[in-house]
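In what follows, a single structure is set out as structure tokens and then discussed.
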Amino acid sequence: MRISFLGTGTSHGVPVVACSCPVCRSADPRDRRFRSSVVIEAAPGGAGAGADGGGPAAVLVDAGPEFRLQALRAGIHRLDALLLTHAHADHLHGLDDVRPLSREAPLRVYGDRAALAETRERFSYAFREGQKGGGKPRLELLEAPAAGFGIKGLRILPVPLLHGALPVLGWRFGAFAYLTDCSAIPESSLPLLEGVEVAALDGLRYRPHPTHFSVDKAIAAARRLGLRETWLTHLTHDASHAELEAYCAARGADVGARPAWDGLVLDLP
Ligand SMILES: [Zn+2]
Ligand SMILES: [Zn+2]
Ligand SMILES: [Zn+2]
């Protein structure tokens, strides 16, 4: 399984429009963060590879405002499904740009009921009858089964999380979990994460925030989950990549904590 980080920035992205702080002016490419998203690809030749339409499973998590640029940069040529964590603008508003990937067949979009209802409302034109001939993404909205589901042999499990008071979904794929936009992992979700070794975790910034884990809270959550590798994502311009890396090495080495970056690729069994 290959996990590619398409974006690792918070809702406004980094650099922030009209900001001239040192991080926003940094020359380190890892300080340029698109809105948060990952793509998961099953290993070529792995379970289910080649079944129903070419290549191993390829699943996108969230379609933020830079989805088009992210897809071009990562060379995404096809998708089997889009998994939504929630319907905030920074996770959804690139949805129109899945159009070229929904030509052959409607793209399956999995989420919780609230995220799907929001999607239908914000992208109402995509669900209205109208003339044929492009201009609309073809989407099939599907409520994620709580017990999980499979796509070409890739097992996918939704993991309920709390983003402040808002229930959102994390997503588990085998020993990897993608847990962004969360300020708490409910007790009832802990069994769903048993056996996860590597995770991407919301680690917004050093200072506390009402709807996101801070870096310290993310490290504490990683300890509770017993992670071996912890990749912080959804990061602000409060700290540079280099500063965060040093902070994580000092405070979270036991859970392998590090800041993720756009373009990071993890290959897991
Ligand atoms: Zn977000
Ligand atoms: Zn800035
Ligand atoms: Zn959010």
State the answer as a single residue: which of Leu192, Leu235, Ala18 lies farthest towards the positive end of the charge dipole of the chain, with beta carbon charges of +1 for Lys and Arg and -1 for Asp and Glu, about the Cα centre. Ala18
How are the alpha carbon pair distances in the stretch 160-269 distributed across 5 Å bins from zero to the largest one, expressed in percent? 2, 14, 26, 27, 19, 10, 2, 0
Taking the Cα centre of the chain as the origin and placing charges on Cβ (Lys, Arg +1; Asp, Glu -1), which of Gly174, Ala260, Ala87 is farthest toward the positive end of the dipole? Ala87
Output ³J(HN,Hα) for the stretch 69-84: one whole-Hz value per residue in order, computed from phi by the Karplus curve 6.51 cos²θ - 1.76 cosθ + 1.60 with θ = phi - 60°, and x for Gly and Pro. 5, 5, 5, 5, 5, 8, x, 6, 10, 7, 9, 8, 6, 10, 10, 9
Name the trypsin sites (Lys or Arg not before Pro) in the stretch 198-249 that are in a loop by DSSP and that have at most 15 other C-beta atoms within 10 Å, would you? Arg228
Do any GluC sites (Glu not before Pro) in the stretch 71-146 lie in a DSSP loop with no more than 11 other beta carbon atoms within 10 Å, and if so, which? Glu104, Glu129
Per-residue [θ]222 nm for the chain (sum of -39500 (n - 2.57) over DSSP H runs n ≥ 4, rounded to 500): -4500 deg cm²/dmol
Which listed residue (Thr119, Ala144, Ala222) has the Cα farthest towards the positive end of the charge dipole for the chain, taking +1 on Lys and Arg C-beta and -1 on Asp and Glu C-beta about the Cα centre? Thr119
Size of electric dipole in the stretch 2-267: Cβ of Lys, Arg +1 and of Asp, Glu -1, about Cα centre, debye, nearest 20: 400 debye
Solution diffusion estimate, µm²/s, Stokes-Einstein, the stretch 2-267, Kirkwood Rh from C-alpha pairs, 20 °C, viscosity 1.002 mPa s: 115 µm²/s
Spacing of the two label points (7 Å from each Cα toward its C-beta) at Tyr206 and Glu140, in nm: 4.9 nm
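Laboratory data are not the source of any read-out in this text; all were calculated from the coordinates shown. Bear in mind that the values here come from a model prediction, so they are computed numbers and not experimental data. Positions of Cβ are backbone-derived with ideal geometry, glycine not excepted, and every protein chain shown enters the neighbour counts.
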